[in-house]
Amino acid sequence: MADFEQAIAFVLSQEGGYQCRASDPGNWTGGAKGQGELKGTNFGISSKSYPNEDIKGMTVERAKEIYRRDYWTPIGGDALPDGVAVALLDAAVNQGVVRAVKWVQSALDTDVVDGIVGPRTVAAARNDCGRWLVPFLLHRHAAYMKTIAANPEMIEWAGTWAERLFLLEKMVLGIHAA
């Protein structure tokens, strides 16, 4: 069903390359400014989440391996319709896999909202084919980003996040139009 390369191309285009600002808590291996070692973020892979990775020397292929293993596979990306998979991957990268999957499960009114993609979640997503699930995901994603942007330490990224959601919506609508 969904195409990992298409989905990850979008994520990588938005995440960017290496940066190591001391003001970004994700750049610290301890997960907070000044805690642990300042190693940075590369391709969206942060020192906070991956303290043992060579962040500065990370290759695109290594980033893809991590995204496939820790995000794409847990969201059931290969089994989902394209638009749903792309929107869900992006939400999972930004808000966490469990939270993003719970959004889908609650939207689809599945029996269990546990953050784990199983056969019922996949069947419900396939049945929807992104007709209203994708707009719902984009809305939840935007609402959550607004909450995060309310944090004074995160406000500097609010405009970038809004642009990212616009580009994601444009891409996903293009997938459905094809």
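Side notes on the structure shown:
- Hits in region 31-48 (condition: aliphatic (A, V, I, L, M) and either under 15 Å from residue 16 (Cβ atoms) or not in a strand (DSSP E or B) (or both)): 32, 45
- When residues of region 146-176 are limited to those that are modelled with pLDDT under 75 and under 16 Å from residue 10 (Cβ atoms), the one farthest from the chain's Cα centre (by Cα): 176
- Checked across region 49-62, the condition of being within 15 Å of the chain's Cα centre (by Cα) and not in a helix (DSSP H, G or I) holds for at least one residue.
- Selection over region 96-126 of residues that are touching a Leu at 6+ places or on another chain (Cβ under 8 Å) and in a helix (DSSP H, G or I) gives a count of 10.
- Criterion violated by residue 126 - all others in (1) closer than 21 Å to residue 12 by Cα; (2) in contact (Cβ under 8 Å) with a residue 60 or more places away in the chain satisfied: (1)
- Qualifying residue in region 130-147 (condition: charged (D, E, K, R), under 21 Å from residue 6 (Cα atoms), crowded, with 17+ Cβ neighbours inside 10 Å and touching a residue at least 24 places away in the same chain (Cβ under 8 Å)): no
- Positions within region 64-95 being surrounded by fewer than 20 Cβ atoms within 10 Å (Cβ to Cβ) and either of a type in the set (Gly, Ala, Ser) or not in a helix (DSSP H, G or I) (or both), in sequence order: 73, 74, 79
The values are calculated or read from the model by the stated rules, or taken from the named source; none is laboratory data. Predicted, not measured: the structure shown is a model, and the values here were computed from it. So basically every Cβ, Gly included, is an ideal-geometry build from the backbone, and we count neighbours across all protein chains shown.
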